[in-house]
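Report on the following structure.
Read the figures in this text as sums done on the coordinates, not as results from a lab. Since this is a predicted model, take the numbers as computed values, not measurements.
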Amino acid sequence: MAGRRRAAGPAAFDSLYTRYVDRVYSYLRSRADNDEDAADLTQQVFLQALDGLPRYQNRGLPFAAWLLSIARNLAINFHKGSRRPMPWDLLPEALQASGDDDVGGRAARGDLIDTLFAHLDPHARELLLLRFGADLTVAEIALVIGKSEAATRMRLIRTLRTLRENYHDEF
C-alpha cells in the first residue's frame, strides 16, 4: 500500500494518514507531557514520513512499524534525558486495577503506576509503551527498536514478570 502511495504522490498520502494517525498519536501521547505536544509530534511524524516516502522500501517492515520508528526517534529527541512518570490513564486496562472508578481510586492507581514506571529502566518502559500503548506485535516492536524478535519477546516477558512478582499484591 505504501508503495502505491509513493508512486501516486502526496495527494494519496491522506489514506495512509487516516489509517495510522490514531495509532501514532496514541503512542506519542503516552510519551508526551500533554495533548498539544503529542499532536505536534504526530504532525512531525507524518511530515517526515511524507518527505521520506519516496525513499521508503518495504523490506518486510510493516508501514506502521516504520511510522512508529519515526515517532520513537522524535519522542526520544523531544525528551532527551527526561524521566517522566507515565500517565496511568494511557496504559492498557490490563495494567490498571479494575472496579474502582472514583477519582480517589484513579489517583491512587496513577501514583502506583508512576511508581512502577519509575522503577523500570527506559528500555523496559519503551517496550511496554510500544506493546500496550501503540498496540504493536512483538515482531513489530523488534523492527522498531532494531532487536531480534526473540530478544524482544524475552525482554518483554522479563519486564512483565518483574512487574508481576514485585507488585502483584498491588493489583
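In sequence order, what are the phi-derived ³J(HN,Hα) couplings for the stretch 29-37 according to the Karplus relation 6.51 cos²θ - 1.76 cosθ + 1.60 with θ = phi - 60°, rounded to whole Hz, with x for glycine and proline?
5, 6, 9, 9, 6, 7, 4, 5, 4
Using only the Cα atoms of the stretch 2-78, build the gyration tensor, take square roots of its eigenvalues as a ≥ b ≥ c, and label the shape rounded, prolate or oblate: rounded if a/c is under 1.5, else prolate if a/b is larger than b/c, else oblate.
prolate
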